[in-house]
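Structure record follows, encoded as structure tokens.
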Amino acid sequence: MQGTVRAYLAKFDTPDPSDAYQIVGYQEYANALNHLIPLVQNANAEQLAAYDEIVSELDEFSVYINLSRRFGRLVGNSTALKYRQSLLHELPQKANDDFRRRGIGWVLALARLEHGAIEIGYQESSTPFSLNNLTAIERVPFAELLLDGVRSHYWSMSSDPVTYRLIKGEVAKVSDRTALAYGRRIVMTQHMIETLDKVAGGALNGPQRTELQAWHRELSSVREGVSYVMYRTYLAAFEQQGELVRGVRNMKLAGCPVLVNSIKRDIIAGRAQVTLKDNK
Amino acid sequence: MQRKNLAIAFIALLAFILNSVVQGAIPHAVKQELDNRFIPAYRTGKLDVVVFSGALIVNQVGGTVNAEIDQYLVSQGIEELGTVLARSRFSLLVQSKEVKPVATKKELLITMPHFQAEVERVINGELRPAIMLKNDPAINPPETLKALESVFWDLHVYKNDLVNLSRTAEMAAMNVQLVLRNARLSAVERKTLSFDFQAVQQTIDAENERRLTLDMALRERRIELSLRILEESESYKDRLQAAFAMDQDVQVMRAFVEQQRRGSFARVPTPKLQASEASVAVARGANQMLFHAANQLYTGLHWWLRGRYGRGIAANGLLKGEHVKKLPALGFALSMPRDRAQASDPFATQDELASPYVGRRHEYIWSWENGGIKIECEAVGTSFFP
């Protein structure tokens, strides 16, 4: 009698770091930071004031902040109350604050945020925001931009049906590519929260920190959904082999490096998130 | 009374029929193409789709239908089809994008008038910066670094306009020649397409020479002003700007003189490069840290602007295209705003007019999924169980 040998062997290709170069802003902000950070680090008070004045006078270097407030109009009924009760909104700093900010600190902070976000999503980097060279003049702007970014991603995902499909593990309704993309977004947002905690955790009050921690946990549950979808996709690929005597030679899984690494670990260990879902 | 009622009914019927004829003049398929592809693409700035769809429409219709389409587009707040098509092709060319499909005779016939109008604007001096409109600008040049910087920016924009117009003229001339040789044309059509591209090129060259003459003269003046600021001013900010300005001017002059050595722009007076270089070298030697800081600052800001406002060729400007993976240096080419970039309040501006075009790149780029799951299978052997 002829039987079937199932030889499962999963090998993973590493993500291609050169993908990041395709993203507008990656090289540009890196070059900007490479020039401006040493300049600011080596500047005395007079020089720093001059840089700040030059940048502030040029309109194109203005940075509008608190962009996340647009979600106040967009969040659905289920999240509207949660949005209203959030303690993490940005408040105007003066009457008729147009949330327009100027200065070298804002310029540096925006470049650091945008470049770091691409690093998280597409590169293997243990320090995507390079906090080791965070300058004093950009510390507050960077924290504000980080929190604004976190709010935008969080409220956007809160009103996105795909998020709930991932949490429920509805494999049939979410493709592996969509799951990976959302996974990248979650990894990026969680990393922003963790960085915010390092940079400005002390400036947040207790209830604000508690809310941020809750957001981080919620994002983790969506991330588990991403792993689950990927694992089911992996199993479905085996099942498609049917009765054929075949095995898997290679499995290529590419995407956000941090996310892919965690999925790989789960799959190689043969557990993924199935155990978690079965336990529910 | 009955006769009056009949007359009114007849007039109403006639009006209805006329209205139906006008409304029905645009074939259903063309109307669908306009509504479903051309107009949405135009409104969202997808120029490649605009060109594809517009060319499809132009090649399907003719005669009075073109006028009906133009009327319909105008009623939608959009310019005439020929203008939109010409401008879209022009913009794509400027961005060094491949423009498909190649313009046909029908398309050239409706886009050529627009192109001629653009050339007229150059000939009439409509695009000329204010400084070039003065009789002898060298006599009363701007007197501050800030004012000079603004003038150089205007001259830079004008240079880009001329370069782009020249490239478009070249492309248009090639297409027109092809059509004139190979297509059957009526006398009117032949007249529309018989456009003196050589004269256009000469006009553009003459404008460029005028621009360069002024540019070089003003750079010599800015170097003088900058040297004076370095000697007299104690303000670090002013000195920094002066150092950067003279450094930049010497570089630009050097590149221009090199072009002249190769035979270009012979009619433009050669700037006093050696004298300027010598003066700037002395100033640099005496202020090395200042020059280094100026270079760091303005180079850093230059890159920041490209990161903030630059557009790539894919994913609505967010990506540069796969060719960059082979050679990252290819990614330096980005499409930048024609005029000085402005930061606009995203809550007070419509999305399509927003500047920069995305508030934060990180809000969008996560959705570019470069990975996925791919499983390769092969036979690994069989087993027999007794």
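Applying 1/(1 + (r/R0)^6) with r as the Cβ-Cβ distance of A:Lys198 and B:Ala314 and R0 = 35 angstrom yields a FRET efficiency of 0.50.
Its relative contact order, with pairs defined as Cα atoms under 8 Å and 6+ residues apart, puts chain B at 11 percent. The GluC sites (Glu not before Pro) of segment B:83-172 meeting both criteria, a DSSP state outside H, G, I, E and B (loop) and at most 11 other C-beta atoms within 10 angstrom of the site's C-beta, are B:Glu98, B:Glu126, B:Glu143. So how far, in whole Å, is the C-alpha centre of segment B:264-290 from the one of segment B:62-124? Taking the Cα centre of each part, segment B:264-290 and segment B:62-124 sit 45 Å apart. Among the residues of A:101-110, the average count of other protein chain beta-carbon atoms within 10 Å of the residue beta-carbon is 2.
Say the cut-off is 30 Å between C-alpha atoms; which of A:Lys168/B:Lys325; B:Lys46/B:Lys105; B:Lys100/B:Lys320; A:Lys168/B:Lys320; A:Lys173/B:Lys97; B:Lys237/B:Lys272 go over it?
Working: A:Lys168/B:Lys325 37 Å; B:Lys46/B:Lys105 24 Å; B:Lys100/B:Lys320 19 Å; A:Lys168/B:Lys320 36 Å; A:Lys173/B:Lys97 36 Å; B:Lys237/B:Lys272 27 Å.
Beyond 30 Å: A:Lys168/B:Lys325; A:Lys168/B:Lys320; A:Lys173/B:Lys97.
I'd like the mean, over residues of B:238-247, of how many other protein chain beta carbons sit within 10 Å of each residue's own Cβ.
1
Taking amide H atoms as placed 1.01 Å from N in the peptide plane, the amide H of A:Arg101 lies under 5 Å from those of A:Val63, A:Tyr64, A:Ile65, each 5 or more residues away in sequence or on another chain.
Report, as an integer, the average count of C-beta atoms from other chains found within 10 Å of each Cβ along B:227-236.
Working: counts 0, 0, 0, 0, 0, 0, 0, 0, 3, 9.
The mean count of partner-chain Cβ atoms within 10 Å per residue comes to 1.
Given a cut-off of under 8 Å on Cα pairs at least six residues apart, what relative contact order in percent is computed for segment B:26-101?
33 percent
The alpha carbon centroids of segment B:173-229 and segment A:96-110 are separated by 41 Å. Scalar couplings 3J(HN,Hα) for segment B:285-290, obtained by applying the Karplus form with A = 6.51, B = -1.76, C = 1.60 to θ = phi - 60°, are x, 7, 9, 4, 5, 5 Hz; x denotes Gly and Pro.
Sequence-ordered 3J(HN,Hα) estimates for segment B:51-63 from the Karplus curve with 6.51, -1.76 and 1.60 and θ = phi - 60° stand at 5, 4, 5, x, 5, 4, 5, 4, 6, 8, 10, x, x Hz, glycine and proline given as x. Charging the Cβ of each Asp and Glu at -1 and of each Lys and Arg at +1, and nothing else, the dipole of chain B about its Cα centre rounds to 620 debye. Is the C-alpha gyration tensor of segment A:14-159 telling us rounded, prolate or oblate? Criteria: a/c under 1.5 is rounded; beyond that, a/b larger than b/c is prolate, otherwise oblate. Oblate is the answer for segment A:14-159, as a/c is 1.5 or above yet b/c matches or exceeds a/b.
All of the numbers you see were taken from the coordinates with simple rules; none came from a lab. Please read all numbers here as calculations on a predicted model, not as lab measurements. For neighbour counting, all protein chains shown are included, and Cβ atoms are generated from backbone atoms with ideal geometry for every residue, glycine included.
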